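Structure first, then comments.
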Amino acid sequence: MKVPDKLIPLNKWAAYKALLPEKSQKSHIIIIFYRNEAEIKYFYVTSQLEKAKIRYRNDRLALVQIDKAEGSKVLAKNKSCIKCGKGHLKSIDIEKIKQLYNEGEFYYIGDIPECIRQKIKNAVNLSITYTIVEQSMFIFESMFICESMFICDK
């Protein structure tokens, strides 16, 4: 039985398999980093670690490397990474998520371990691509909002 799209849990710090980022030909694991009523902001996991190291050579601290040893079975089959620079913080509106869900292209796969959450927060704080205001908005505001929300029809 399929859950109605208005009840899709969109949990901050959870991993989802989705046909994202937009224009991607294959599904990626995404991690919701920030959300409000209209949209979510997310990072996605890539297995192209060596390419990411080259592309992020000027912002290496924004690259989070992941492996199974960290207890991140949800995220890593082998070595993978999350590019946490501002250019890779993607956004998508809730209506598009509903559409992906209804097409079978969006589903929950698990929670993100605390050690990976902390690595992502640190990467955002240390990245040269965010302003101080953006860093504080994403990191500190998240302590005051509900981390588990559902899509709600208004």
ask   = Quick check, is Lys90 at pLDDT 90 or above and under 19 Å from Glu39 (Cβ atoms)?
value = yes
ask   = Among (1) at pLDDT below 90; (2) part of a loop (DSSP other than H, G, I, E, B); (3) over 15 Å from Ala14 (Cα atoms); (4) open to solvent by less than 60 Å² (accessible area, probe 1.4 Å), which single condition is Ser136 missing?
value = (2)
request  = Hey, can you tell me all the residues within the range 27-47 that are in a loop (DSSP other than H, G, I, E, B), modelled with pLDDT under 90 and not acidic (Asp, Glu)?
outcome  = Asn36, Ala38, Ser47
ask   = Taking the range 90-120, which residues are hydrophobic (A, V, I, L, M, F, W, C) and either in contact with a Ser or Thr (Cβ under 7 Å, 6 or more places away or on another chain) or not in a strand (DSSP E or B) (or both)?
value = Ile94, Ile97, Leu100, Ile112, Cys115, Ile116, Ile120
ask   = Pairs under 6 Å by beta carbon, first residue of a type in the set (Ser, Thr, Tyr) in the range 89-115, partner at pLDDT 90 or above and open to solvent by 20 Å² or more (accessible area, probe 1.4 Å), six or more apart or different chains?
value = Ser91/Glu39; Ser91/Lys41; Tyr107/Lys17
Residue that is farther than 13 Å from Ile116 by Cα and surrounded by 15 or more Cβ atoms within 10 Å (Cβ to Cβ), where the choices are Leu75, Leu100, Leu63 = Leu100
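The values are calculated or read from the model by the stated rules, or taken from the named source; none is laboratory data. All of these numbers come straight from a predicted model, not from anything done at the bench. Positions of Cβ are generated from backbone atoms using ideal geometry, with glycine treated the same way; all protein chains shown enter the neighbour counts. These accessible areas exclude ligands, DNA and RNA; they are computed on the full protein's heavy atoms, side chains included. Shrake-Rupley method; radii C 1.70, N 1.55, O 1.52, S 1.80 Å.
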